[in-house]
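Chemist: Structure in structure tokens, see below.
No lab work stands behind these numbers, since they all come straight from the coordinates. It should be emphasised that the depicted structure is a prediction, and the values quoted were computed from it without experimental measurement. As a convention, Cβ positions derive from the backbone with ideal geometry for all residues, glycine included, and neighbour counts pool all protein chains shown.
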Amino acid sequence: MRPDSRFVDMSPPFWANVRTIGQEVGYTVRGGNAVRVPSMDEVRAAYERIGMSTSHLLPRGDLTRLGRSLQEYLAYRAETLNNHVEPRLMDARRASEVFRELRAKMRPKCPLPMNKQKGRKKTRAYLTGIVNMLVEANCDGLPVDYDPRQLTTVTSDGAPLRTLSRRLDGGFPSAVNPVAVWEIKEYYHTTTFGSRVADGVYETLLDGMELQELARAHGIKVEHVMMIDAHFTWWQCGKSYLCRVFDMLHMGYVDEVLFGYEVVESLPQIVRRWVSAEKARCRRSSP
């Protein structure tokens with residue numbers, strides 16, 4: 001999923017209101033199983049409760065341009081998460097079936113790592129394996145760093161220009177001067193939405209802010225993709241964090257978010273786009 005162009009390049013006050021509304025009104029339908037669309041009456045009551053003005057949204061009872069944009073965005077976010085994202089989030093059983101089907105079909109040579117859990121929960125890292133197989137099948141034989149053991153670095157004249165704060169989960173064609181980097185957040189065997197899951201969202205935010213600064217300061221674009229899965233963790237426990245991920249996508253901190261089975265639907269085309277970008281870059285650098 002890529003961001004909707006209607007909500008790209010929105011102002012910082014727009015996102016301040018999105019976050020404040022989420023905090024004060026809530027993200028989900030109480031007692032239900034859906035992301036909610038707050039009414040403007042609920043927004044007004046919430047702002048009044050915390051001593052904030054709504055004159056920038058409803059000066060005389062009619063919505064301002066900002067108010068209309070907020071209303072449209074919150075409705076779009078709820079509709080997309082409820083109807084597009086939720087059906088694509090997989091549980092461990094479905095993810096394992098997809099993993100085994102792709103493995104049998106593709107006969108991969110790429111790494112298929114185990115997860116980091118113990119005991120009965122220790123098994124293949126299904127989403128990571130799916131991602132690796134799809135990248136390998138569509139990279140046209142170009143190098144891929146499936147498990148960078150170093151910080152992502154962009155260089156200028158052979159010297160470091162920017163080095164990110166964290167190691168990411170993959171880089172194409174490498175972690176040094178990549179065309180694209182990706183992060184994978186799979187939590188199939190968790191039983192609660194713990195702090196580690198929340199931290200994963202904020203880690204991606206940090207990476208996105210650093211990559212955005214690089215693009216603005218030096219005109220160097222590194223595509224940043226986030227891939228997440230586990231229906232129980234993200235939907236049943238963490239719908240508010242799905243909203244945060246959706247917001248982060250539209251704020252420009254990630255270029256694309258793939259939810260669950262959407263990896264299978266969309267990643268091959270994305271990788272082929274990376275291949276075209278890398279080949280074009282090689283042609284430009286050739287004498």
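Chemist: Debye calculation, C-alpha points only, no solvent: report log10 I(q)/I(0) for segment 131-287 at q = 0.12, 0.21 Å⁻¹, in the same order as the q values.
Modeler: Result of the Debye calculation: -0.52, -1.47.
Chemist: For segment 146-160, in order, what is each residue's ³J(HN,Hα) by Karplus, 6.51 cos²θ - 1.76 cosθ + 1.60 with θ = phi - 60°, in whole Hz (x at glycine and Pro)?
Modeler: Result, ordered by residue: 7, 8, x, 9, 8, 6, 5, 10, 10, 10, 9, 6, x, 10, x Hz.
Chemist: I need to check one value: relative contact order of the chain, counting alpha carbon pairs closer than 8 Å and at least 6 residues apart, in percent.
Modeler: Reported relative contact order: 21 percent.
Chemist: Another question about this same structure. Which percentage, to the nearest 5, of the DSSP beta bridges contained in the chain is antiparallel?
Modeler: Once the DSSP bridges in the chain are tallied, antiparallel ones form about 45 percent.
Chemist: Enumerate the helices in the chain for which the Kyte-Doolittle hydropathy averages 0.5 or more and the C-alpha atoms extend at least 15 Å along the helix's axis, using complete DSSP H runs.
Modeler: Details: long enough: 12-25 (19 Å, -0.19); 65-80 (22 Å, -0.84); 92-106 (21 Å, -0.77); 126-138 (18 Å, 0.87); 195-218 (34 Å, -0.25); 239-250 (17 Å, 0.15); 262-285 (34 Å, -0.59).
Helices meeting the span and hydropathy rule in the chain are 126-138.
Chemist: What ranking do ILE50, ILE228 get, fewest neighbouring Cβ atoms within 10 angstrom at the top? Numbers along the way, then the final one.
Modeler: Working: ILE50 9, ILE228 28.
With the fewest neighbours first, ILE50, ILE228 line up as ILE50, ILE228.
Chemist: Which three extents, in whole angstrom, do the alpha-carbon atoms of the chain cover along their principal axes, largest first?
Modeler: 63, 50, 28
Chemist: Right, here's the next one. For the chain, modelled as a GNM with alpha-carbon contacts under 10 angstrom, which of TYR241, TYR47, TYR126 fluctuates the most?
Modeler: Residue with maximal mean-square fluctuation among TYR241, TYR47, TYR126: TYR47.
Chemist: A follow-up question, please. Round to a whole angstrom and tell me the spacing of the C-alpha centers of segment 158-208 and segment 21-82.
Modeler: Using only Cα atoms to place each centre, the spacing works out to 31 Å.
Chemist: To continue, here is another question. Ratio to report: Rg/Rh of segment 5-88, with Cα atoms as the point set and Rh obtained by the Kirkwood method; give two decimals. Don't skip to the end; give the middle numbers.
Modeler: Working: Rg = 13.1 Å, Rh = 13.5 Å.
Reported Rg/Rh (Cα atoms, Kirkwood Rh): 0.97.
Chemist: Please report, in debye to the nearest 20, how large the charge dipole of segment 92-285 is about its Cα centre when each Lys and Arg carries +1 at its beta carbon and each Asp and Glu carries -1 there.
Modeler: 720
Chemist: Running a GNM on the chain with Cα contacts under 10 Å, which residue among LYS221, LYS239, LYS109 ends up with the highest mean-square fluctuation?
Modeler: Evaluated over the chain, the most mobile residue of the options is LYS109.
Chemist: What's the exposure ranking of SER69, SER96, SER156, SER5, going from fewest to most Cβ atoms within 10 Å? Provide the component values of the computation, followed by the final result.
Modeler: Numbers: SER69 19, SER96 16, SER156 11, SER5 8.
Result, fewest neighbours first: SER5, SER156, SER96, SER69.
Chemist: Given that compact globular proteins tend to follow 2.2 N^0.38 Å, what is the ratio of the alpha-carbon Rg of segment 1-152 to that value?
Modeler: Relative to the rule-of-thumb radius for its length, segment 1-152 sits at 1.49.
Chemist: Let me check I've understood the local charge: for GLN236, count other residues with C-beta under 14 angstrom from its C-beta, Lys and Arg +1, Asp and Glu -1. What total comes out?
Modeler: Surrounding charge for GLN236 is -2.
Chemist: Which one, ASP199, ASP255, ASP229, has the greatest fluctuation when you compute a Gaussian network model over the chain with C-alpha springs under 10 angstrom?
Modeler: ASP199
Chemist: Ranking GLU136, GLU97 by Cβ neighbours within 10 Å, fewest first, what do you get?
Modeler: Final ranking by Cβ density, sparse to dense: GLU97, GLU136.
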